[in-house]
Amino acid sequence: MESGGAREAQGAQPSAPRPPPPSPAEQAAPVPSAPRIRPRLVFHTQLAHGSPTGKIEGFTNVRELYAKIAEAFSISPTEILFCTLNSHKVDMQKLLGGQIGLEDFIFAHVRGETKEVEVTKTEDALGLTITDNGAGYAFIKRIKEGSLINRIEAVCVGDSIEAINDQTIVGCRHYEVAKMLRELPKAQPFTLRLVQPKRAFDMIGQRTRSSKCPGEGKVTSGRETLRLRARGSATVEEVPSEFEEEATRRVDDLLESYMGIRDPDLASTLVETSKETQSAQEFARGLDSVLGEFAFPDEFVVEVWAAIGEAKEACG
């Protein structure tokens, strides 16, 4: 009886109206595909002087990257001087810049001993090339052979410059530090307070690619990088073309000769800006709007424009 009553109740309900048939336009319209969900980007990291392996994700710029590394190892982000990719050594050719390959292994170099060095400037150039980590620390990327600084054994590549004559420079960009050093008077001693990266014996096996755990899956073909930007969100992009790599290398060389700094990410930005311009004058205006704080001299802009043109010709 109960089951029959149920059937009667269901039969008493009005039937739902049928939807109208699709119009010819709706039939012809393509069905939108579901958005492709990119697998989460997980990077592997270690402290360069030795540590367990940590995993980090969810960062969009260098400061956030350092914060994630610091969280993974329970240290302060201010302890990190710089990072290298796929090598735990203080190798300036492996510096992390504005791009990280999706399979790269990140090594963080943290603060070690502090030292003070007195220098007397006997010539205009000290022989230093300065770069910075994008998060407030400027450090020595290159020491020119035969230069004044090269004769001071205590000063090493990878040392972070913390103060000049007791004036802290933490938070200054590399070009600001290079300018300060250039403007120091000759024949007058000055003091550099340096922080060297923490060192350990070579106990870590160098890694060329991160080993993904089962289940994480391959993120891409390996020909893409995560581009970190000072303004805006990080983006996944194809690796630079042959022209972009050659032009960036040439512009980076010019940055060193004109400003005493090396910065592949800055050089890459200069190259990107040039793509949207048709003349050196347009290029100069573009730089003013994008990188006005650098106040590049006119002769430098002309040299950069010419170098980019030469790279384009060399790469066909």
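The values are calculated or read from the model by the stated rules, or taken from the named source; none is laboratory data. The structure presented is a predicted model; accordingly, all values stated were derived computationally and were not measured. Quick reminder, even Gly has a Cβ in these numbers, built from the backbone with ideal geometry, and neighbours come from all protein chains shown. Note: accessible area is taken over every heavy atom of the protein model, side chains too, but ligands, DNA and RNA are not part of it. Shrake-Rupley method; radii C 1.70, N 1.55, O 1.52, S 1.80 Å.
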For the stretch 261-316, how many residues meet the condition of being of a type in the set (D, E, K, R), open to solvent by less than 70 Å² (accessible area, probe 1.4 Å) and touching a residue at least 60 places away in the same chain (Cβ under 8 Å)?
3
The stretch 112-142 - residue that is within 28 Å of the chain's Cα centre (by Cα) and among the acidic types (Asp, Glu) and, of those, surrounded by the most Cβ atoms within 10 Å (Cβ to Cβ)
Asp132
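Any residue in the stretch 73-80 that is closer than 17 Å to His174 by Cβ, assigned to a helix (DSSP H, G or I) and at pLDDT below 95?
We begin by selecting, within the stretch 73-80, every residue closer than 17 Å to His174 by Cβ; these are 80.
Those still in the list that are assigned to a helix (DSSP H, G or I) too: none.
Within the stretch 73-80 (the criterion being closer than 17 Å to His174 by Cβ, assigned to a helix (DSSP H, G or I) and at pLDDT below 95), the answer is no, since none of the residues qualifies.
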Could you list, ordered by first residue, the pairs with Cβ atoms under 7 Å in which the first is in the stretch 177-195 and within 18 Å of Asn133 (Cα to Cα) and the second is modelled with pLDDT under 90 and in a loop (DSSP other than H, G, I, E, B), at least 6 apart or interchain?
Ala178/Gly260
Residue in the stretch 83-100 that is without any contact (Cβ under 8 Å) to a residue 24 or more places away in the chain and more than 25 Å from Glu224 (Cα to Cα) present:
no
Cβ pairs under 7 Å, 6+ apart, first in the stretch 49-61 and hydrophobic (A, V, I, L, M, F, W, C), second crowded, with 18+ Cβ neighbours inside 10 Å and modelled with pLDDT of 90 or more:
Ile56/Phe43; Ile56/Thr45; Ile56/Lys68; Ile56/Ile69; Ile56/Ala72; Phe59/Leu65; Phe59/Lys68
Within the stretch 155-176, track down each residue that is of a type outside the set (Val, Ile, Thr) and either surrounded by 15 or more Cβ atoms within 10 Å (Cβ to Cβ) or touching a residue at least 40 places away in the same chain (Cβ under 8 Å) (or both).
Cys156, Gly158, Asp159, Ser160, Glu162, Ala163, Cys172, Arg173, His174, Tyr175, Glu176
Can you find even one residue in the stretch 135-146 that is over 17 Å from Gly260 (Cα atoms), touching a residue at least 60 places away in the same chain (Cβ under 8 Å) and not in a helix (DSSP H, G or I)?
yes
